[in-house]
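The values are calculated or read from the model by the stated rules, or taken from the named source; none is laboratory data. Everything quoted here is computed from the prediction, not taken from an experiment. FYI the Cβ positions are ideal-geometry reconstructions off the backbone, even for glycines, and counts take in every protein chain you see.
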Amino acid sequence: MFNLILRLKFCAIAAIVLLTRLGIGVCAEDFQLSPVSREVVETRLRKYTGNNKQREATLRQLFVEAGCSDQNISEQQVKGSKLPNVICILPGSSDRVIIVGAHFDRVSEGDGVVDNWSSASLLPSFYEELKNGPHKHTYIFVGFTDEEQGEVGSRFYARQMTKDQVAATDAMVNMDTLGLGPTKVWVSHSSY
């Protein structure tokens, strides 16, 4: 299982590193990591059980355990959803932003471990790995709700962003169903 976890983490970090090489404004100083232990990552992955409301609460708790303080964690009430987006912000030294997102909901059939707890459970680990090092960018980690209902949470998040927030965003790394295929990076493609 740990090999899968390493692959998942590599995929997300590889996307950010590729953006750096392409000159998309990500800085080398943003990659001073304090690796999270194998045991912690695997424990977070195993917390996939429960309905979507329980997953939302679990993701919030995982962020708290990873060190995201009350002032940096919030819930964004999503129009058309019973559940909020879960947001944890890691402030940087500039006004530049990188958004890292994954959806935490699942369909009623199956456990939804791969789609998409495999990604959502990594968000707190990325926060924890980055929190102690200096970083220029502000990282916004978002657990999106209701992706399985038509990308409700992510669409709402994107549509609520102001023009200034969009202009300050250097990258958005969306993690979905990690570890089952090759990493894909769109440099100039977006649905929004």
Any idea which of (1) in a helix (DSSP H, G or I); (2) surrounded by fewer than 20 Cβ atoms within 10 Å (Cβ to Cβ) is the one GLY80 doesn't satisfy? (1)
Could you list, in sequence order, all residues of region 99-144 that are under 15 Å from ALA57 (Cα atoms), assigned to a helix (DSSP H, G or I) and aliphatic (A, V, I, L, M)? ALA120, LEU123
Listed by first then second residue, the pairs whose first member lies in region 159-185 and is over 21 Å from ASP95 (Cα atoms), whose partner is modelled with pLDDT under 75 and among the polar types (S, T, N, Q), with beta carbons under 6 Å and at least 6 positions apart or on separate chains, are none
Sole residue being farther than 30 Å from GLU39 by Cβ and buried (at least 22 other Cβ atoms within 10 Å of the Cβ), chosen from ASP146, ASP95: ASP146
Checking the conditions here, which among MET161, MET175 is among the aliphatic types (A, V, I, L, M), out of contact with any Phe, Trp or Tyr (no Cβ under 7 Å at 6 or more places or on another chain) and at pLDDT 95 or above? MET161
Which condition breaks for ASN85 when tested against (1) surrounded by fewer than 21 Cβ atoms within 10 Å (Cβ to Cβ); (2) under 15 Å from the mean Cα position of the chain (by Cα)? (1)
